[in-house]
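Since the structure comes first, as structure tokens, the remarks are kept for the end.
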Amino acid sequence: MPYRDLQPIIERLARHIEAGPVATKVPAKEIRRHLEQSFDLATPMPFTDLFSKVTKMLDRWQVQVTHPRYFGLFNPSVTTASVVADTLVAAYNPQLAAWSHSPAANEIERFTLRALAARLGLDPETTASHFTSGGAEANLTALLAALAHTFPSWREQGLRSLPAQPRFYLSQEGHHSFHKAARVSGLGDDAVVTIPVDAGGRMRLGALEAAVEADRRAGFAPMMVVATAGTTGSGAIDPLAETAAFCRRQPLWLHIDAAWAGAAALSPKLRPHLAAIDQADSLTFDAHKWLAVPMGAGMFFCRHPTAVKIAFDQHTPYMPAPGGGATEDPYSRSLQWSRRFIGLKLFVTLAEVGFPGVIERIESQTDLGDELRRLLTAAGWRIANDTPLPVVCFTRPGVEIPSLVRQLHHRQIAWMSPIRIGGGPLLVRACITGHRTTSEDLVEVVARLAELV
């Protein structure tokens, strides 16, 4: 296969996006009218015409998340190697439910996950791990594994067999996918207890301890604590070591949601901020948030393979036995059945530049976050969050944040978003996770911000 033919095409597209607008605003009715007028699904359309039309739509009508001045929601620019990998996956279309259907794909994923587990301080020999569609699925998987671990009767008899209503805890800045997970699992929203945060957006440990104690007295069954390593809004890192010690004393299952900041644990420079990540009972880590690979590439790690087996173990007569020395099939150890070969794009990214190259990117983007703080402060803006990670929340007296953000988008200066931390005032949020962003981009954005105030 002529991989070299794909490389210039992908890189030309990246340059084309870089030279164009970062944001867009279009009413739904305009896109719907265009589809109705341009595509008659009863009539065949030549291949080149079809993809020319689709490409024009993607050029015009979406926020370009791979643009160097997209400072948004953890959708970074992607490496050429990872795009080629995703193309290969689509072309070969391997089925990863059964090991025997694609031994190569399954073993590549296993190899990649074991290498990452070791880097995170987990034991690759005993840690259960698999790729997921994203962090929401990984977080749901963690909740189900915690249920299985804490209440083994749940597998056969369901929630009605439990001695009390389970409860789990996360900060008010924790990810809202846990509320969905509570509903999907049958626990319901009342099972989720949100814990207040401090001025930095970090979960207050004293409030957590008080909530667990109060729930025990009230007859509930505390089960799991979710500590967030890198909140979506402000990049806050909950007190991981202290939370881990509290969970050991209780005991409670500790899940660390490191969907974004898990990548920071790979860096010797940033690792101290996530020093207790290896003490998690389960862990969420999304490669597509900060490792420059296309969506979706979530990962789930768990120190209790027996709990994962209780939650998901299943065998059917129509699925072939693993064979080849493998002892289990992916469908019997995860929520998904049929599953795409998610791990290849991460594997080739790691293999192409090695862990040192990946770490260099992470640390470079972290340095850009520090540079953006310096530039904004020098220009009279106030930095409103405190994190070692490259997410910068800022404001200025007298500035109307919604209007400012609209102007940023309308004038194609950058894509940023409004955010509140802990129910406070609106701020502007900028996050740098794209490897195409440069210091020159930051200087230009801060200079043009001055035009808007």
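Only the coordinates and a few stated rules stand behind these numbers; no lab work does. Computed from a predicted model, the values in this text were never measured in an experiment. Note: ideal-geometry Cβ built from the backbone for every residue, glycine included; neighbour counts use all protein chains shown.
Bridging of Lys53 to aspartates and glutamates at a Cα separation below 16 Å is possible for Glu30, Glu36, Asp40, once same-chain residues fewer than 8 apart are set aside.
The distance linking the stretch 117-165 with the stretch 67-87 is 30 Å (Cα centroid to Cα centroid, whole angstrom).
Figure the gain on full extension for Asp189 and Ser439 (residue separation times 0.36 nm, minus the Cα-Cα span) and round it to one decimal in nm.
Numbers: separation 250, 0.36 × 250 = 90.00 nm, distance 4.39 nm.
Stretched out fully, the Asp189 to Ser439 stretch lengthens by 85.6 nm.
Database remark: amide H of Ala379 closer than 5 angstrom to no amide H (H placed geometrically; neighbours at sequence offset of 5 or more, or on other chains; Pro and chain starts carry no H). For the stretch 122-197, GluC sites (Glu not before Pro) meeting the loop criterion (DSSP other than H, G, I, E, B) and having at most 11 other Cβ atoms within 10 Å: Glu125. In the chain, a dipole from Cβ-located charges (positive for Lys and Arg, negative for Asp and Glu) runs towards its positive end, and of Ala227, Ala19, Trp61 it is Trp61 whose Cα lies farthest in that direction.
Were the residues from Ser161 through Asp370 laid out at 0.36 nm apart, the gain over their Cα-Cα distance would be 70.1 nm.
Within the same chain, lysines fewer than 8 places from Lys345 are excluded, and of the rest, those with a Cα less than 17 Å from its Cα are Lys289.
Rounded to the nearest 500, the 222 nm mean residue ellipticity of the chain from helices alone is -13500 deg cm²/dmol, with -39,500 (n - 2.57) taken per DSSP H run of at least 4 residues.
Enumerate the amide H contacts of Thr132 below 5 Å, restricted to partners 5 or more residues apart or on another chain; note that Pro and chain-start residues carry no placed amide H. Amide H neighbours of Thr132: Gly298, Met299, Phe300.
Looking at the stretch 1-88, none of the GluC sites (Glu not before Pro) sits in a DSSP loop with at most 14 other Cβ atoms within 10 Å of its own Cβ. Taking every DSSP beta bridge that has both residues in the chain, what percent is antiparallel when rounded to the nearest 5? Around 55 percent antiparallel, to the nearest 5.
Sparse packing (at most 15 other Cβ atoms within 10 Å of the Cβ) combined with a DSSP loop state is found for none of the chymotrypsin sites (Phe, Trp or Tyr not before Pro) in the stretch 366-420.
Under a point-charge model restricted to the Cβ atoms of Lys and Arg (+1) and Asp and Glu (-1), what is the dipole moment magnitude of the stretch 1-48 relative to its Cα centre, in debye to the nearest 20?
On the way: 7 positive and 6 negative charges, 33 e Å.
In debye, rounded to 20, the stretch 1-48 gives about 160.
Which of the three applies to the stretch 87-348, rounded, prolate or oblate, going by the alpha-carbon gyration tensor with a ≥ b ≥ c and a/c under 1.5 meaning rounded?
Values: a/c = 2.06, a/b = 1.33, b/c = 1.55.
Oblate shape, in that a/c is at least 1.5 and b/c is the bigger or equal ratio.
If a/c stays under 1.5 just call it rounded; otherwise compare a/b with b/c (prolate if a/b is bigger, oblate if not). Do that for the stretch 263-320, with a ≥ b ≥ c from the square roots of the Cα gyration tensor eigenvalues. Here the stretch 263-320 falls in the oblate category. Separation of the stretch 13-37 from the stretch 232-273 is 38 Å, based on Cα centroids.
Applying 0.36 nm per residue to the separation of Lys53 and Thr316 and subtracting their alpha-carbon distance, the gain on full extension is 90.3 nm.
Using the Cα gyration tensor of the chain, with a ≥ b ≥ c the square roots of its eigenvalues, what is the shape: rounded (a/c below 1.5), prolate (a/b larger than b/c) or oblate (neither)? Oblate.
Can you give the charge dipole size of the stretch 1-141 about its Cα centre, rounded to the nearest 20 debye, using +1 on the beta carbon of Lys and Arg and -1 on the beta carbon of Asp and Glu? Before the final figure, lay out each step's value.
Numbers: 14 positive and 14 negative charges, 113 e Å.
Here the stretch 1-141 has a charge dipole of around 540 debye.
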